[in-house]
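Notes follow the structure.
The values are calculated or read from the model by the stated rules, or taken from the named source; none is laboratory data. Predicted model, so just to flag it, every value in this text is computed and none were measured. Cβ placement follows ideal geometry from the backbone for every residue including glycine, while neighbour counts extend to all protein chains displayed.
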Amino acid sequence: MSETITGPAHEATADDDTPARVLTGGAEAIRVARELLPTIAEGAAARDRERCLPHAQIRSLSRAGLLGITVPRDLGGAGVPASTVTEVLRLLGTADLSLAQVLQPHFAFLNALRLRGGAPAREQVFGDVLTGSLVSNAQAERSGRTAHTHATRIDRDGGRYTVNGTKYYATGSLFADWLAVVAPADTAEGPRPHIAFVPADHPGVRVEDDWVGMGQRTTASGTVHLAGVDVPAHLVLPQYLTFTEPTTYGALAQLLHTAIDVGAARGALEEAAEFVRTKSRPWFESGVDTAAEDPLLVQRFGELEVRVRSAEALLNTAAGRVDAADAVLTGEGAESAEAVDATAEASIAVAAAKVVGGRVAVEVSSDLFEVAGTRATADPANLHRYWRDTRTHTVHDPVRWKVQHIGDFSLNRRRPPRHGQI
């Protein structure tokens with residue numbers, strides 16, 4: 001049975017009126033994320049096992065000011081670079097991949113607002129985010145020839161628009177204050193993708209709590225029904241224009257997915273090490289008193305550590321490339337040759353990091369059981385949540401196509417396409 005939710009689904013707490021902090025810079029944002037990790041990690045296994053949605057944890061992120069870190073400085077925010085957001089999501093991913101995933105569309109669509117929103121939209125949505133509001137996506141559909149074919153429509157009626165349709169796998173939608181609805185709207189050249197920013201408490205919005213994936217059980221990825229949702233023109237953004245010029249829109253979106261995978265790989269490795277140190281027994285042929293002194297286990301942990309550090313290094317490199325491209329776009333403008341080269345390099349660097357990061361996350365979360373032993377497979381321990389989560393998240397975008405674009409760039413110097421997925 002699915003539960004129908006209307007409007008924002010933050011659970012009420014005694015401190016609902018506590019204002020969100022406004023963070024001032026990247027170092028502060030990372031410090032705050034680190035401080036929250038113990039409370040995020042506490043109960044993560046139980047939340048997954050019981051499919052208990054992390055309302056309180058989302059609220060703690062909101063009150064701590066982490067949702068507002070990309071709000072531009074001219075609107076009162078910290079305006080942190082991509083590398084800071086990447087580190088925040090990587091840290092959260094070490095504790096709870098599902099929780100970290102809730103924030104990926106939030107920051108991705110705020111980037112779309114930064115790129116395409118006019119002053120009224122920026123002031124309204126960024127202003128709400130600075131007070132703790134969460135933006136979630138309403139993007140994927142099940143009908144159509146591909147996952148990016150949309151039956152949902154954004155129809156213009158004078159100075160306003162109306163949205164009708166159904167969206168699936170809407171990550172974080174049960175926590176949302178705003179829904180970023182992606183669908184075609186008519187232009188002089190025909191229907192083109194737009195983003196409508198819709199208040200989640202609009203009477204025409206209905207969200208179902210019906211996610212049944214084997215992993216990411218607490219991402220609140222419900223089905224969103226939109227019926228006669230009227231939206232003022234300033235909240236409908238011409239997303240299709242983003243792909244007519246060099247930007248880091250796709251690179252940032254994919255970078256944040258990568259950060260989540262790499263964080264989960266580190267989390268799984270740390271969980272495996274803790275289990276071996278405290279619960280595993282040495283193999284009788286090892287001749288040692290504890291599993292942690294087994295030379296073959298030490299060797300295997302060394303191999304896995306190298307793999308995780310390799311993924312972390314590629315993630316850091318990719319984040320630096322996105323920062324560098326953003327600096328060029330700010331200084332030189334979108335049409336310069338330097339901007340074209342910098343954004344292409346950012347996309348390729350992110351694609352490489354995502355290929356390796358995803359593979360390492362799945363490998364480590366599976367090998368956790370090899371190194372920890374039979375006891376680790378006990379269902380009450382719920383250590384398989386790492387594998388279920390990483391395996392589910394890493395099929396979000398097929399890495400085989402990223403490898404193709406990397407190879408084409410390496411061999412033929414052909415820049416990757418501009419479609420938001422690389």
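Count of region 212-232 residues, restricted to those that are over 21 Å from Asn111 (Cβ atoms), surrounded by fewer than 23 Cβ atoms within 10 Å (Cβ to Cβ) and in contact with a strand residue (DSSP E or B) (Cβ under 7 Å, 6 or more places away or on another chain), is 7.
The residues of region 272-299 that are in contact (Cβ under 8 Å) with a residue 60 or more places away in the chain and in a helix (DSSP H, G or I), listed by number, are Ala272, Phe275, Val276, Ala291, Leu297. Restricted to region 20-37, and to residues there that are in a helix (DSSP H, G or I) and among the charged types (D, E, K, R), the residue that is surrounded by the most Cβ atoms within 10 Å (Cβ to Cβ) is Glu28. Just one of the numbered conditions (1) over 19 Å from the mean Cα position of the chain (by Cα); (2) within 30 Å of Ala268 (Cα to Cα) is not true of Arg415: (2).
Every residue, every condition in (1) farther than 18 Å from Ile260 by Cα; (2) assigned by TED's automatic domain parsing to the domain that holds His225; (3) modelled with pLDDT of 95 or more, yes or no:
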{"residue": "Glu11", "(1), (2), (3)": "yes, no, no"}
{"residue": "Arg21", "(1), (2), (3)": "yes, no, yes"}
{"residue": "Gln57", "(1), (2), (3)": "no, no, yes"}
{"residue": "Arg63", "(1), (2), (3)": "yes, no, yes"}
{"residue": "His106", "(1), (2), (3)": "no, no, yes"}
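If you filter region 276-308 down to residues that are buried (at least 19 other Cβ atoms within 10 Å of the Cβ) and β-branched (Val, Ile, Thr), you find that the one that is farthest from Val364 (Cα to Cα) is Val276.
Reported count of residues in region 237-275, each being aliphatic (A, V, I, L, M) and either surrounded by fewer than 23 Cβ atoms within 10 Å (Cβ to Cβ) or touching a Cys at 6+ places or on another chain (Cβ under 6 Å) (or both), is 3.
For (1) at pLDDT 95 or above; (2) under 21 Å from Leu241 (Cβ atoms); (3) charged (D, E, K, R); (4) not in a loop (DSSP other than H, G, I, E, B), each residue gets a yes or a no:
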residue	(1), (2), (3), (4)
Thr146	no, no, no, no
Thr149	no, yes, no, no
Leu174	yes, no, no, yes
Val181	yes, yes, no, yes
Val212	no, no, no, no
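So, Glu335, is that one farther than 14 Å from Arg90 by Cβ and either in the same structural domain as Arg388 (by TED's automatic domain parsing) or assigned to a helix (DSSP H, G or I) (or both) or not? Judged against the criteria, Glu335 is a match.
Does Ser365 satisfy the condition of being over 30 Å from Asp408 (Cβ atoms) and not in a helix (DSSP H, G or I)? Answer is no for this residue. Within region 389-407, one or more residues are part of a helix (DSSP H, G or I) and more than 24 Å from the chain's Cα centre (by Cα).
The set of residues in region 129-147 that are of a type outside the set (Gly, Ala, Ser) and touching a Phe, Trp or Tyr at 6+ places or on another chain (Cβ under 7 Å) comprises Leu134, Val135, Asn137, Glu141, Arg142.
Any residue at all in region 386-397 that is among the aliphatic types (A, V, I, L, M) and buried (at least 19 other Cβ atoms within 10 Å of the Cβ)? Within region 386-397 (the criterion being among the aliphatic types (A, V, I, L, M) and buried (at least 19 other Cβ atoms within 10 Å of the Cβ)), the answer is no, since none of the residues qualifies.
Does Gly165 qualify as being in contact with a helix residue (DSSP H, G or I) (Cβ under 6 Å, 6 or more places away or on another chain) and not assigned by TED's automatic domain parsing to the domain that holds Pro72? Against the criterion (in contact with a helix residue (DSSP H, G or I) (Cβ under 6 Å, 6 or more places away or on another chain) and not assigned by TED's automatic domain parsing to the domain that holds Pro72), Gly165 does not qualify.
Condition first: among the hydroxyl-bearing types (Ser, Thr, Tyr), surrounded by fewer than 22 Cβ atoms within 10 Å (Cβ to Cβ) and without any contact (Cβ under 8 Å) to a residue 60 or more places away in the chain. Can you find one or more residues in region 146-155 that meet it? So far as region 146-155 goes, yes, one or more of its residues are among the hydroxyl-bearing types (Ser, Thr, Tyr), surrounded by fewer than 22 Cβ atoms within 10 Å (Cβ to Cβ) and without any contact (Cβ under 8 Å) to a residue 60 or more places away in the chain.
The residues of region 52-91 that are free of Cβ contacts under 8 Å to residues at least 12 places away in the same chain and either of a type in the set (A, V, I, L, M) or in a helix (DSSP H, G or I) (or both), listed by number, are Arg73, Asp74.
Among residues that are touching a residue at least 12 places away in the same chain (Cβ under 8 Å), among the aliphatic types (A, V, I, L, M) and surrounded by 22 or more Cβ atoms within 10 Å (Cβ to Cβ), Ala121 is not included.
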